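To start, the structure under review is shown below, and the notes come after it.
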Amino acid sequence: MPSAKTFALANLKGGCGKSTLALNLAAGLAQRGRVALLDADPQGALQHWSQWAASDVNSGVEVHAGSSVERLDDLASRFDYVVVDCPPSVDMHITGRFLKRVDKVLIPVLPSPLDLWASSSAAQAIDKARSSNPALKAWLVLNQVEDKSALSRAMSQVLGQMTLPILQTPVKRRAVFRLAMLEGKSVYQLGPRARDAVQEIESILQEVL
């Protein structure tokens, strides 16, 4: 029987930093056990990252390709944690199958009213998945938040209307996330210059574990 804790990263559209967040969450989990990162996104961004990754640096994350729940089950039988980077839409058939199988799902959204309103249909997808996976836990994650900008009054009102819970930890827009990807690394491998980014990932993991 699969015993790994399984996570999915899903969203309604591209451009929300889903794959970058999936990679760095996996790197954080690698501090705690054996981790597989399943790239189910047809764009294959994480497979490209894996090929680009520095050969002399061990991230602790094994990247695998596949879009079937059977692939997920296989990895879950061999690793402590599995993180799935889903296709960029929670209503796609592939993503729906994963939501019926994983323990937890994180939905990154940009911190704007329009993006948050667009995420409202995510709650419907989660409800549908819970019909066969009642223990599924789900959160929205504010991603790429501007460092010195406070949430506007309009944003605060929209946040109050969300039916899915929102993680207390936002992920700020940081150049170090892009730099790590370019160097074939996670932020955990960049030392002191990525300290704040690592703290954000660690805070998220503390909330969801």
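The values are calculated or read from the model by the stated rules, or taken from the named source; none is laboratory data. Source: prediction; values computed, not measured. When we count neighbours, we look across all protein chains shown, and the Cβ atoms used for this are built from the backbone with ideal geometry, even at glycine. The accessibility values were calculated without ligands, DNA or RNA, using every heavy atom of the protein model including side chains. Shrake-Rupley method; radii C 1.70, N 1.55, O 1.52, S 1.80 Å.
Applying a threshold of 6 Å to beta carbon distances and a minimum spacing of six or more residues, or different chains, the list of pairs starting in the range 68-91 at a residue that is in contact (Cβ under 8 Å) with a residue 60 or more places away in the chain and in a loop (DSSP other than H, G, I, E, B) and ending at one that is of a type in the set (D, E, K, R) and surrounded by fewer than 18 Cβ atoms within 10 Å (Cβ to Cβ) reads F79/R34; D80/R34; P88/K13. Output the qualifying pairs, or none if there are none: Cβ atoms under 6 angstrom, residues six or more apart or on different chains, first residue in the range 16-30 and farther than 18 Å from A65 by Cα, second residue modelled with pLDDT under 95 and not charged (D, E, K, R). Every condition considered, the pairs that remain are C16/P108; C16/L110; C16/N143; G17/P108; G17/N143; G17/Q144; A30/G60; A30/V61.
Taking L110, is it closer than 30 Å to W49 by Cα and open to solvent by less than 20 Å² (accessible area, probe 1.4 Å)? Spelling it out, it is not the case that L110 is closer than 30 Å to W49 by Cα and open to solvent by less than 20 Å² (accessible area, probe 1.4 Å). Per the listing K18, K100, the residue uniquely surrounded by 24 or more Cβ atoms within 10 Å (Cβ to Cβ), among the basic types (K, R), touching a Leu at 6+ places or on another chain (Cβ under 9 Å) and at pLDDT 80 or above is K18.
Could you list all residues from the range 15-45 that are of a type in the set (V, I, T) and farther than 21 Å from L179 by Cα? Give the derivation first.
Within the range 15-45, the first condition is being of a type in the set (V, I, T), and the residues that meet it are 20, 35.
Passing the criteria: only V35.
Go through (1) on the phi > 0 side of the Ramachandran plot; (2) in a helix (DSSP H, G or I) for G184 and report which single condition fails. Among (1) on the phi > 0 side of the Ramachandran plot; (2) in a helix (DSSP H, G or I), the lone unmet condition for G184 is (2).
Number of residues in the range 27-52 that are open to solvent by 90 Å² or more (accessible area, probe 1.4 Å), assigned to a helix (DSSP H, G or I) and of a type outside the set (F, W, Y) equals 2. Just to verify a result, which residue in the range 161-209, among those that are open to solvent by less than 50 Å² (accessible area, probe 1.4 Å) and acidic (D, E), is nearest to L37 (Cα to Cα)? Checking each candidate, the answer is E202. In the set A65, A123, only one residue is free of Cβ contacts under 8 Å to residues at least 60 places away in the same chain, within 23 Å of A4 (Cβ to Cβ) and surrounded by fewer than 18 Cβ atoms within 10 Å (Cβ to Cβ); that residue is A65.
The residues in the range 176-191 that are touching a residue at least 40 places away in the same chain (Cβ under 8 Å) and over 18 Å from E146 (Cβ atoms) can be counted, and the count is 9.
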